[in-house]
Amino acid sequence: MEYKRSSALFAEAQKVIPGGVNSPVRAFKGVGGTPIFIKEAKGAYLTDEDGNQFIDYINSWGPMILGHAYEPVVNAVIEKTKKGTSFGTPTALETEIAELAVSMVPNIDMIRFVNSGTEACMSAIRLARGYTKRDKIIKFSGCYHGHSDSFLIAAGSGLSTFGVPNSPGVTQGTAKDTLLAQYNDADNVRELFEANKGEIAAVIIEPVAGNMGCVPPKAGFLEAIRQICTENNALLIFDEVMTGFRLAKGGAQAVFGIKADIVCFGKVIGGGLPVGAFAAREEIMAHLAPLGPVYQAGTLSGNPLAMAAGYEMLKALNNDPEVYTRLEEKTAYLEKGIKEALKGKVPFTVNRLGSMISVFFAENPVYDFETAKAADNPYFKTFFHSLLNQGIYIAPSSYETWFLTDALTYEDLDKSIEAIAKVEF
Ligand SMILES: *Cc1c(COP(=O)(O)O)cnc(C)c1O
């Protein structure tokens, strides 16, 4: 495949946009080479500026669960656009999508819409701190909750030491309120609560981690975290920016039967437009301005175009009870095919939950950030570039999950599996 136009566009972009991209992982730093510039997409396929076609396993990092340019979403946005793109006033559609979201997701009474997953998580911890009147939060190594300061914290040495920032610009003052735990290690969380009695406002977690590759929770792990939070009067925040409306209508809460106190959304909820949201039971949401003292706002929050896209997306998912079964079956089929195609060639591990799946080139099981790191190796880079050249687009990093779309056909999956079998390591 030729990437001439993409290369030229990338050179051009780098002069005026830092690194040529508006979000770092798009730059192919993890795999080397030049990012491809996409011109258009339909269903399960992307077309780049050179005219190359790809079967897409990124799907805008999750949102396009029903495929690109999904017609009900496209039409709704076009119709809304003709009537004005933003008013800065309440609109009827905001209540409609809120009612629909609250009806689909367990344990939430109220929802507030924002413009990104980052904003949703940032606001969720502010709300948790305001509600509990405590400062500290626990997050897990390898979990991503957007790029706000409190979440860009790497591990200190001891379990109870304060975190240290892993980005310049995040202050020590902020870092000291974020405690880090290991994913799938409930004892670690218990120890942090012991060492910080009465100080922890919330535990925030990706109920199925998707930002260190796909790392599902071990049996009993989420239950244990729920119990520890309850015992310590701390809130449990499920960051369902990836899992919400993807694993099931009700997200991971529904899949695992666990009650979170605050739930964060993004990605699918916006149908491909910039939308995030956070939700909780009424008693907690009542602390939010203008009802309560915890401030949170947004000029373009609840924007009519974004709400139109999100509403059509949620409606489509709500009205098609079979969609999650189809996604499960397609992804299970792909998983089986990948395992057969790679067998005996290289060490690998496949993790999957529903339509989230990752191939780790690691010998041992991957269940936390430490074990995920073993897969950041040259095998992945070879795999990525070989697939790209065969017209299969997976995320350009070993720390990312593949997101399947219902637009994929079994023919697409077979083609992908054949391409995987052809990779020469
Ligand atoms: C993508 C993601 C975010 C951040 O969402 P943005 O819309 O990129 O700001 C937060 N949490 C999780 C789990 C995510 O996957």
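The values are calculated or read from the model by the stated rules, or taken from the named source; none is laboratory data. None of these values were measured; they are calculated from a predicted model. Cβ coordinates were reconstructed from backbone atoms using ideal geometry, including for glycine residues, and neighbour counts include every protein chain displayed. All accessible areas refer to the heavy atoms of the entire protein, side chains included, with ligands and DNA or RNA removed. Shrake-Rupley method; radii C 1.70, N 1.55, O 1.52, S 1.80 Å.
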### Query
Once the principal axes of the Cα atoms of the chain are found, what is the range along each, listed largest first in whole angstroms?
57, 55, 46
## Note on the structure
Output for segment 71-319 (equivalent-ellipsoid semi-axes, sqrt of 5λ from the C-alpha gyration tensor, Å, descending) is 31, 19, 16
### Vicinal HN-Hα couplings computed from phi for segment 203-212 (Karplus, 6.51 cos²θ - 1.76 cosθ + 1.60; Hz; Gly/Pro x)
10, 10, 8, 7, x, 10, 5, x, 10, 10
### Task
Kindly flag which residue pairs out of 267/381; 42/315; 176/249 have an alpha-carbon separation exceeding 31 Å in this structure.
176/249
### Neighbour net charge for residue 334 - beta-carbon separation under 14 angstrom, K R +1, D E -1
-4
### Query
How do the peptides 343-355, 271-283 rank, highest first, by the average count of neighbouring beta carbon atoms within 10 Å per residue?
271-283, 343-355
### Message
In whole percent, and with a 1.4 Å probe on the protein chains, what portion of the accessible area of segment 71-319 is carbon and sulfur?
### Response
54
#### Entry: Cα-centre dipole for segment 71-319 with unit charges at Cβ (Lys and Arg positive, Asp and Glu negative), debye to 20
200
### Per residue value of the accessible surface for segment 71-319 (all protein chains in place, 1.4 Å probe), Å²
39
#### Entry: Kirkwood estimate for segment 52-190, i.e. one over the average of 1/r between Cα atoms, Å
18.7
### Query
For the peptides 333-341, 262-270, what is the packing order when you average, over each peptide's residues, the other Cβ atoms within 10 Å and list the highest mean first?
262-270, 333-341
### Task
For segment 363-400 and segment 1-75, write down the distance between their C-alpha centroids in whole Å.
18
